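Undergrad: So that we are looking at the same thing, I have put the structure below in structure tokens.
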Amino acid sequence: MKTGVLASGSGTNLQALIDAWKGGSLAPAELVVVGANVAGCLAVERAQKADIATFVLSHKAFPTREDFDRALVAELRRRGVELVVLAGFMRVLTGAFLDAFPERVLNIHPALLPAFPGIHAQKQALDDGVKLAGCTVHFVDKGTDTGPIIAQAAVPVLPGDDEDSLGKRILGEEHRLLPAVVRAVASGQVNVEGRRVRILPPAGLADARLRSL
């Protein structure tokens with residue numbers, strides 16, 4: 001399945017995908033393009049070093065969100081993209097984008113959704129005093145971090161944690177979880193049933209910390 005990744009920043013989750021792809025553990029997903037809305041971001045450099053096609057579209061160059069999203073769709077379709085992964089892409093996508101890739105847009109979020117959607121999820125978790133935090137990979141819908149949950153991984157919140165230390169521990173789980181989910185979706189093992197998502201065998205996916213609802 002031809003896969004495009006959208007990013008805005010350093011691209012550490014993109015690097016996890018690249019490493020899995022280069023190592024043969026992302027198949028049948030194939031990384032064909034990386035797009036960014038911020039010129040010079042490290043994610044683009046990571047893609048170029050891996051010989052993956054890239055493009056940069058500044059959202060500031062478009063009068064509306066929908067115009068920007070339609071331009072994104074055009075760039076991805078030029079490469080035959082079938083699956084889209086948001087890896088630190090700091091834009092809320094509109095129906096103009098999501099309708100072009102129904103149930104084929106994935107996002108990773110640094111919280112155990114539905115708790116702590118939106119920005120600063122780690123700070124929200126610390127402020128609320130939870131004992132477990134983590135990350136979620138979900139399908140993207142027209143809300144903010146409200147799409148059907150595919151898989152989650154949890155980490156303990158330690159007594160001395162601050163936003164940075166908790167974020168780093170969560171990020172380690174993100175790097176393991178996201179490639180596993182991309183592989184499962186590309187393999188046809190992920191079924192959406194309303195708000196619930198089922199992950200079908202092989203059972204070996206459990207080793208990658210996938211947890212279906």
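The values are calculated or read from the model by the stated rules, or taken from the named source; none is laboratory data. All values derive from a computational prediction rather than experimental measurement. Quick reminder, even Gly has a Cβ in these numbers, built from the backbone with ideal geometry, and neighbours come from all protein chains shown.
Undergrad: So is PHE116 in the same structural domain as ASP162 (by TED's automatic domain parsing), outside any helix (DSSP H, G or I), buried (at least 16 other Cβ atoms within 10 Å of the Cβ) and over 16 Å from the mean Cα position of the chain (by Cα) or not?
TA: Working: in the same structural domain as ASP162 (by TED's automatic domain parsing): yes; outside any helix (DSSP H, G or I): yes; buried (at least 16 other Cβ atoms within 10 Å of the Cβ): yes; over 16 Å from the mean Cα position of the chain (by Cα): yes.
In short, yes.
Undergrad: Do you know which of the residues in the stretch 34-58 that are aliphatic (A, V, I, L, M) and part of a helix (DSSP H, G or I) is surrounded by the fewest Cβ atoms within 10 Å (Cβ to Cβ)?
TA: Filtering first and then ranking leaves LEU42.
This table checks each residue for (1) part of a strand (DSSP E or B); (2) surrounded by 17 or more Cβ atoms within 10 Å (Cβ to Cβ); (3) assigned by TED's automatic domain parsing to the domain that holds GLY143.
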{"position": "VAL5", "(1), (2), (3)": "yes, yes, no"}
{"position": "ALA16", "(1), (2), (3)": "no, yes, no"}
{"position": "ASP19", "(1), (2), (3)": "no, no, no"}
{"position": "PRO28", "(1), (2), (3)": "no, no, no"}
{"position": "VAL32", "(1), (2), (3)": "yes, yes, no"}
{"position": "LYS60", "(1), (2), (3)": "no, no, no"}
{"position": "LEU72", "(1), (2), (3)": "no, yes, no"}
{"position": "GLY80", "(1), (2), (3)": "no, no, no"}
{"position": "ALA96", "(1), (2), (3)": "no, yes, no"}
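Undergrad: Please enumerate the residues belonging to the stretch 153-187 that are within 12 Å of the chain's Cα centre (by Cα) and either free of Cβ contacts under 8 Å to residues at least 12 places away in the same chain or crowded, with 20+ Cβ neighbours inside 10 Å (or both).
TA: GLU174, LEU177, LEU178, PRO179, ALA180, VAL181, VAL182
Undergrad: Taking the condition of being within 30 Å of ALA125 (Cα to Cα) and out of contact with any strand residue (DSSP E or B) (no Cβ under 8 Å at 6 or more places or on another chain), how many residues in the stretch 92-112 meet it?
TA: Residues of the stretch 92-112 that are within 30 Å of ALA125 (Cα to Cα), as a first pass: 92-95, 98, 103-112.
With out of contact with any strand residue (DSSP E or B) (no Cβ under 8 Å at 6 or more places or on another chain) added as a condition, the list becomes 92, 94-95.
Residues meeting the conditions: 3.
Undergrad: Sticking with this structure for a sec: As an exercise: evaluate LEU106 against (1) in contact (Cβ under 8 Å) with a residue 60 or more places away in the chain; (2) over 17 Å from the mean Cα position of the chain (by Cα) and give the number of the one condition it does not meet.
TA: Exception for LEU106: condition (2).
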